[in-house]
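Report on the structure given below.
The values are calculated or read from the model by the stated rules, or taken from the named source; none is laboratory data. Fair warning: this is a prediction, and the values are worked out from it, not measured in the lab. Here the Cβ positions follow ideal geometry from the backbone for every residue, glycine too, while neighbour counts run over all protein chains shown. Quick note on the areas: whole protein, heavy atoms, side chains included, nothing else; ligands and nucleic acids left out. Shrake-Rupley method; radii C 1.70, N 1.55, O 1.52, S 1.80 Å.
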Amino acid sequence: MTLAIADTTITCFEDLNQLSTAEILAAYNEATGKNTKQFAKRAKGMQQLWAVIADKVEAAQAQAQEPEAVEAAQEEPAEVAPEQAESVQEHAAAPSTAEEAPAAAKPAGLRARVDELLAALAGGPKTVAEITQALGLENEKKARSLIDTARRSGYTIACVGRGTFALPGEEQ
């Protein structure tokens, strides 16, 4: 059993990216019983919804890993009322963890490339152009976004000159 919102299976936080902002808002309101009109930002809405449903997703994944629970779910067909089609509901036959989902389902984001950035900067300070080339990024804007993503993830990346970045202690 897994959690689904608007026909999208939710197995991890990143799955919320597949939902529209309206779907996120509707799921949040239904899960909390609130009547929120809008979120300050889409990202904040995703975080608030995840805070509410994370335990349910983990419980659904744990239940899906138990063979007896899967067999029982297959024996009893679930009936879903038409008005529940856009609400938070549970479905069977989805990956039990994000690792089991096919990698080709969605492209890897910048967060997945943070380790590559850290490895590149471990060799000493690099300019944005050097980072772009070393990581095979499309353009320098992607390299700057990757640096920002790493910083938001908790890594310290120092600006040691105009367009030049390094890990702490690597400034030269």
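Under a 1.4 angstrom probe, counting protein chains only, how are T149, T156 ranked by accessible area, largest first?
Working: T149 15, T156 90 Å².
Sorted descending by solvent-accessible area, the residues read T156, T149.
For F165, F13, give me the order by solvent-accessible area with a 1.4 Å probe, most accessible first, ignoring ligands, DNA and RNA. Mind showing how you got there, number by number?
Working: F165 15, F13 65 Å².
Sorted by accessible area, descending: F13, F165.
Going Cα to Cα from K126, which lysines come in below 18 Å? Please leave out same-chain ones fewer than 8 positions away.
K141, K142
Excluding same-chain residues fewer than 8 positions from K56, which lysines have a Cα within less than 24 Å of its Cα?
Filter leaves K34, K37, K41, K44, K106.
With r as the distance between the Cβ atoms of A54 and T21 and R0 = 22 Å, compute the FRET efficiency 1/(1 + (r/R0)^6) and round to 0.05.
Working: r = 19 Å, r/R0 = 0.88.
Result of the calculation: an efficiency of 0.70.
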